[in-house]
Amino acid sequence: FLFLQLFGTIVWILVASTRVPLPLLQGWVMFVAVTAWFLSIVFLSVFLFGYANRIAVNWNQADFIFHGATFVFYFGAFLLQAATTSLHYLPRKFNSTTQERILSGREYNISIAASV
């Protein structure tokens with residue numbers, strides 16, 4: 001859970017530090033990162049404070065389902081973030097004569113780090 005929180009926080013920071021050219025795609029990435037981060041804190045708190053012994057739940061199965069769902073959602077978020085990153089070379093306005101890119105060089109590098 002600690003690694004999930006650490007890497008979820010890093011993704012959260014990296015995505016939040018870029019300009020958002022496609023809000024729908026990167027909004028989903030932020031939703032997945034924040035939700036997984038929050039739920040991992042809830043799971044960690046349940047185990048640290050001893051509530052796991054008081055609640056009659058198969059915790060191995062709950063942990064497996066949580067991590068399986070988190071994997072699926074993070075993989076989908078990875079695909080969307082990578083798709084946003086791949087649009088780096090497209091111009092922002094197709095009908096304009098200026099060659100402004102969707103992502104600047106710095107934002108492109110941050111977006112690559114968030115995808116990884």
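If R0 is 25 Å, the Cβ-Cβ spacing of Val42 and Phe75 corresponds to a FRET efficiency of close to 0.70. Here r is the Cβ-Cβ distance between Ile112 and Ala56 and R0 is 35 Å; the resulting FRET efficiency, rounded to 0.05, is 0.20. Rounded to whole numbers, the Karplus 3J(HN,Hα) couplings from phi for the range 57-65 are 9, 6, 5, 5, 5, 4, 5, 4, 5 Hz, using 6.51 cos²θ - 1.76 cosθ + 1.60 with θ = phi - 60°, and x at Gly and Pro.
When the surface is traced with a 1.4 Å probe over the full set of protein chains, Phe71 keeps roughly 140 Å² accessible. Here each label is just a point 7 Å from Cα along the line to Cβ, and for Thr9 and Ser86 those points are 3.2 nm apart. A Stokes-Einstein calculation at 20 °C with viscosity 1.002 mPa s, built on the Kirkwood radius of the range 43-83 over Cα pairs, returns a diffusion coefficient of 181 µm²/s.
The values are calculated or read from the model by the stated rules, or taken from the named source; none is laboratory data. As the structure is a prediction and not an experimental result, all values here were calculated from the model. Don't worry about glycine lacking a Cβ; one is built from the backbone with ideal geometry, like all the others, and counts go over all protein chains shown. Accessible surface is based on the protein model in full, side chains and every heavy atom, while ligands, DNA and RNA are left aside. Shrake-Rupley method; radii C 1.70, N 1.55, O 1.52, S 1.80 Å.
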